[in-house]
Amino acid sequence: MHRPSRAAPLGGGSPEPEKMEGAGSWDVLEWNQFEPMSTSVSLGKCDFLLEAEQVVAEGYGVVLVNTDEAGTVLVTNYRILFLSEGTRNIIPLGTIPLATIEKISKIVVKGQSAPRQPEKNPSQRLLQVIGKDMRIIVFGFRPRTKQRRNIYEALLRYTKPAGLRDLYAFVSGPSKYRNTNPKLRLLVEYFRLIGGRPPHASMSMLEDCSFTVANEFWRISSVNANYTLCQTYPFALIVPKCISDEEILQASNFRARGRLPVVTWCHPGTGAVLARSSQPLVGLMMNMRSNTDEKLVAALCSNLSGVKGTRRKLYIADARPRKNALANGAMGGGSESSSNYLQSEIVFFGIDNIHAMRESLARLREYLDTHGATSSDGLSSFLRHGGWTWGGGNLSSMSASVSTLGDSGWLIHVQSVLAGSAWIAARVALESASVLVHCSDGWDRTTQLVSLASLLLDPYYRTFAGFQALVEKDWLAFGHPFSDRFGLPTTSGGDNATFELSRQSSTGSYSSSPMRQSSGSFPTQAPGSSHSQASNNCSPIFLQWVDCISQLLRMYPFAFEFSLTFLVDFLDCVLSSRFGNFLCNSEKERQQCSASEACGCLWAYLEDLRNSEGKSHVHYNLFYDKSKHNGPLLPPAAALAPTLWPQFHLRWACPSEAQAGELEAQCRNMAMKFSELQKAKEVAERKAKEVAAAVESLSADLRRERQLNASAVNLAKKASKENSAIKRAIQSLGCKVHFSGNGDCTVDIEANPTTSPQVSLYSYSKRESDDPIQRNEKSDLSVSITVVDDEVLPNNPINRVCESLCPMRTRDGGCRWPDAGCAQLGSQFVGLRANFDAFDRLSIYDSYFDSDKL
């Protein structure tokens, strides 16, 4: 890994191995090679600050030793910000929320003068920050300035707030991420577990305690509505229907902290349940008993469905090692005896306590920092131990580093939690047995096992909505002490923050692993500043549980709606304490301080992020297919081989190698491109449909026009035939017929051949048609008829017919119609010739001229 030449690694004057001996030779950082950023930059232009976030201390010309970057350190009431020197961009490695900080140390590294240079090099002022999110960062400050002191004192004030309401979550308020009443969400989940047709959860239910619904075996009890039964249990409890509230009160006296056995999950088909509690108070001699407690536990074993008189088996899973359970008997605790509980079997899981988990994570963090690419002492892992970490001429280096990872024990602890949860899920799913889980107090290991087993059994908990319901039920409502485990103040106002803030001697040291100490980079850690302190109740219990889910998600990539990126962002939000969901130690305390009303909601924030991009957001699992895993997940023991979670464990120490989700990222990009193509296809199909509809409309118009045209042609043909018939008929009368285009019909009679007088006998114009098809057509038919006198046409055959048929024809050749005989004979030709009144009524539409008569 290439590093700028401006500053040398912390621990030697040169990266060469032979010059790395002796601590405190970090004097090659040439502060005069760069100018610190001007302090005149207005902080009002800091658009990267969150709402209600205020800068309380500043440090200019500071070096982030891990990456050898220079910039500005800002301490706000919410986080440490590290801005790059030129661009003022936020450097993620040097930016950490104050609540995520576990330990802060001031370190002074004395410079070493050359043998022939009497001048004493100034000591280097360093500030080490250890985070709960697996990072160790070191800031280097300019000598002979008070910047480090100002930063350190600001961190002292804001990482150890005087009270709960001094936290940023209360200062910033709910903003746009408002929270709804978590009690209502708990009732909704309870109603889902009870089954049937539950009522709608409402505030009136909480006020009058009308949420006590029941089914055949279980009921929701309001006995703890005022938290008088147990201060760390939720206001509503699912208990056996056959157990009264009075018996519940009696049974609570036999369990540590009053955390009596209650149901936390019900199998919808078999009726088997998961139950949780704290240890029984059996005493040193293990001879204390409670009839009410035994009755309550026995009631968890309801009859098997469809088998009368057959009771299901009960497993009592004690999360502790057996020896620890026996040791707790000296303090009044202990474990159950199977002889006292009907059809029960006691199983010990051997999971270590919170202190072992804290030590384990600390060792893992130091291992990653020592052998990572961005170590807090400025050395690359390739330059340690005289060569490359992996066997660079020193095979023992490789063995030692591997053993250091194994000695951390973190993966073994994760495997123990996974194995215990898988065992519980298998008993419920395969044997239809009920399982009661407890540890000592029933809020650390018990919560891990019960919630993880529920996630394995119920596909609903593997969705976004179900995951929220699971966390709020088993972790928040049932009183996991988040404030104690994260080192935050509680409602009592006492300072439970357990940050290790120590000022070390002038030959100070890092909290480093034995591997780093042997390299000669820094001297041995001062006594009393180690991570293990008996009074420290901080522990990464919740982080370990999320780590277990990440192992399952990689094992079953189609079973989870959310992605590994979602788990990282979710865990970062929890550790930052930016929102009020995970403050305090119990539901009662959060209600007392009105956390849900006064603070923002983490779930609303994450949902808003997802809604910003829809299904293409990185929080969605691309491979999720609920049809493939619509039942329980039962991983075999051989598959429970956990590995480091790259996106979380390696993101600070090995940022390049942490991109284990690069394939997923590429698949996501392909999915986004495919989605864009799908949208483009939908738009094109929509336009094609519109064009097709337009074409169809035009085609319909064209068909109508063709029909109209055909009708007009037919009418024209018919009119032509009728015209021809009229013309023949009138010409047979000796008249001249003239058709014109002005719409008039005229009949002219020529009196004599010389003057040819024309008498207009008939004029007809048809402008409008009664036919609907022809209403828009203008008639162009006009007929002109000229009647010629008989004398003009002496050889007219009609005259000859009249002469032969009409006995009344006068001698002078005149016609005496209608008195003539032709009127009686009914000749159509003669009648038409003579009956001008009938001709006046003539129309081209009359049936007289139908084609079949022509």
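The values are calculated or read from the model by the stated rules, or taken from the named source; none is laboratory data. From a predicted model like this one, the values you see are computed outputs, not experimental measurements. In this analysis, Cβ positions are derived from the backbone assuming ideal geometry, glycine residues included, and neighbour counts consider all displayed protein chains. All accessible areas refer to the heavy atoms of the entire protein, side chains included, with ligands and DNA or RNA removed. Shrake-Rupley method; radii C 1.70, N 1.55, O 1.52, S 1.80 Å.
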Within the set LYS106/LYS176; LYS628/LYS679; LYS110/LYS146; LYS132/LYS628, which residue pairs have Cα atoms separated by over 29 Å? LYS106/LYS176; LYS132/LYS628
Tell me which of ALA700, SER711, GLN678 sits at the most positive position along the dipole axis of the stretch 672-716, charges placed on C-beta atoms (Lys, Arg +1; Asp, Glu -1). GLN678
Mind checking the per residue accessible area of the stretch 672-716 for me, 1.4 Å probe, whole number of Å²? 85 Å²
If you average the alpha carbon positions of the stretch 51-116 and of the stretch 669-686, how far apart do those two centres end up, in angstrom? 45 Å
For the pair PHE48 and ASP407, the simple spin-label estimate (label points 7 Å beyond Cα toward Cβ) gives in nm 3.8 nm
Assuming a ≥ b ≥ c are the square roots of the Cα gyration tensor eigenvalues, decide whether the stretch 672-716 counts as rounded (a/c under 1.5), prolate (otherwise, with a/b larger than b/c) or oblate. prolate
Once you have a ≥ b ≥ c as the square roots of the Cα gyration tensor eigenvalues for the stretch 220-324, tell me rounded if a/c is under 1.5, and otherwise prolate or oblate according to whether a/b is larger than b/c. oblate
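Looking at the stretch 251-355, send over the antiparallel percent of its DSSP beta bridges, to the nearest 5.
Close to 55 percent.
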Carbon + sulfur, % of accessible area of the stretch 219-328 - ligands and nucleic acids excluded, 1.4 Å: 52 percent
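Report, in debye and to the nearest 20, how large the dipole of the stretch 672-716 comes out about its Cα centre when Lys and Arg carry +1 and Asp and Glu carry -1 on their Cβ.
I would put it at about 120 debye.
Would you mind telling me the share, in percent, of accessible area of the stretch 672-716 contributed by carbon and sulfur at probe 1.4 angstrom?
On the way: 2280 of 3830 Å².
Ligands and nucleic acids excluded, carbon and sulfur give 60 percent.
Which loop trypsin sites (Lys or Arg not before Pro) in the stretch 241-286, with loop taken from DSSP, have no more than 16 other Cβ atoms within 10 angstrom of their Cβ?
On the way: sites: LYS241, ARG255, ARG257, ARG259, ARG276; in loops: LYS241, ARG259.
Here the sparse-neighbourhood loop sites are LYS241.
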